[in-house]
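**Student:** Pasting in a structure now, in structure tokens, and then I'll have a few things to ask.
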Amino acid sequence: MVYIVAGVWYTGSGDSGTTKVPSVGKVWKDDKLVETLGNLDELNSILGVVSSLYPPIRDELQDLQRDIFEISSEIAGFEMGFSIEKVKKVEELIRFYGDRLEPLRNFVLPGGHGASSFTHLARAVCRRTERSIVSLMRSNLAKEVHVIYLNRLSSLLFVLALWINRATGNPDVIWKGSSK
């Protein structure tokens with residue numbers, strides 16, 4: 001925890017390359033648990049960028065950000081009661097936004113509206129985060145529901161990226177394969 005004293009915004013306690021995580025105690029900063037917490041933080045930050053670039057879905061994105069904080073908290077050792085109900089809410093959002101899209105018949109290149117591009121970036125970071133949480137789950141440091149949630153979240157982020165382009169009149173760039 002960081003305590004602000006007389007304008008100092010750092011503790012210096014991590015200068016030796018270690019940090020404290022309540023669930024396991026003192027660990028190296030390159031530990032897979034710390035890496036996962038960093039991945040979750042990165043994902044959350046990118047969702048904040050999308051939220052600021054495209055306010056019409058700010059409420060939904062901030063709900064997702066809260067969920068990501070809960071997952072981070074549980075991995076750090078604080079029981080938050082994260083449940084499958086959170087997954088169901090993400091599935092509802094996938095259906096809601098997906099039902100407003102044409103069926104996808106091709107791969108798309110990330111791009112279009114800035115918010116769509118950042119949503120694609122969030123999707124890629126979400127997939128990396130999911131992989132790192134699988135590693136923790138195999139060591140009993142994360143829950144299966146965390147993996148399921150991130151799996152659905154990456155699907156939602158793909159749908160949202162397409163939906164944002166549609167809503168803003170930016171066509172998706174279709175990948176056509178080899179350009180030989």
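Read-outs: derived from the displayed coordinates by stated rules, not from any lab. Remember, predicted model here, so these are calculated numbers, not experimental data. Ideal geometry is used to build each Cβ from the backbone, glycine not excepted, and the neighbour counts take in all protein chains shown.
**Student:** Between V34, I164, L141, whose Cα lies farthest towards the positive end of the dipole of the chain when Lys and Arg beta carbons carry +1 and Asp and Glu beta carbons carry -1, centred on the Cα centre?
**Tutor:** I164
**Student:** Please give the helix 114-138 orientation as an angle from the longest Cα principal axis of the chain, in degrees from 0 to 90, rounded to the nearest 10.
**Tutor:** Value to nearest ten degrees: 50.
**Student:** Kindly count the pairs of lysines across the chain whose alpha carbons are less than 16 Å apart, treating pairs on different chains or eight or more residues apart as eligible.
**Tutor:** The result is 4.
**Student:** Another question, if that's okay. What ranking do E130, E91, E85 get, fewest neighbouring Cβ atoms within 10 angstrom at the top?
**Tutor:** Fewest to most other Cβ atoms nearby, the residues stand as E85, E91, E130.
**Student:** What does the charge count around G17 come to, taking other residues whose C-beta lies under 14 Å from its C-beta (Lys +1, Arg +1, Asp -1, Glu -1)?
**Tutor:** Residues near G17 contribute -1 overall.
**Student:** Can you tell me the orientation of helix 144-167 relative to the chain, as the angle in degrees between its alpha-carbon axis and the longest Cα principal axis, to the nearest 10?
**Tutor:** Roughly 40 degrees between the two axes.
**Student:** What do you get for Rg/Rh over the stretch 18-170 if you use C-alpha atoms and the Kirkwood form of Rh?
**Tutor:** Checking Rg against Rh, the ratio lands at 1.00.
**Student:** Counting Lys and Arg as +1 and Asp and Glu as -1, each charge on the Cβ, what is the dipole of the stretch 18-170 about the Cα centre in debye, to the nearest 20?
**Tutor:** Dipole magnitude for the stretch 18-170 comes out near 320 debye.
**Student:** If you find the alpha carbon centre of the stretch 37-100 and of the stretch 126-156, how far apart are they in angstrom?
**Tutor:** When both Cα centres are located, 13 Å separates them.
**Student:** Now a separate question. Once fully extended, how much extra length lies between T19 and S83, figured as 0.36 nm per residue of separation less the alpha-carbon to alpha-carbon distance?
**Tutor:** Extra length available between T19 and S83 comes to 20.2 nm.
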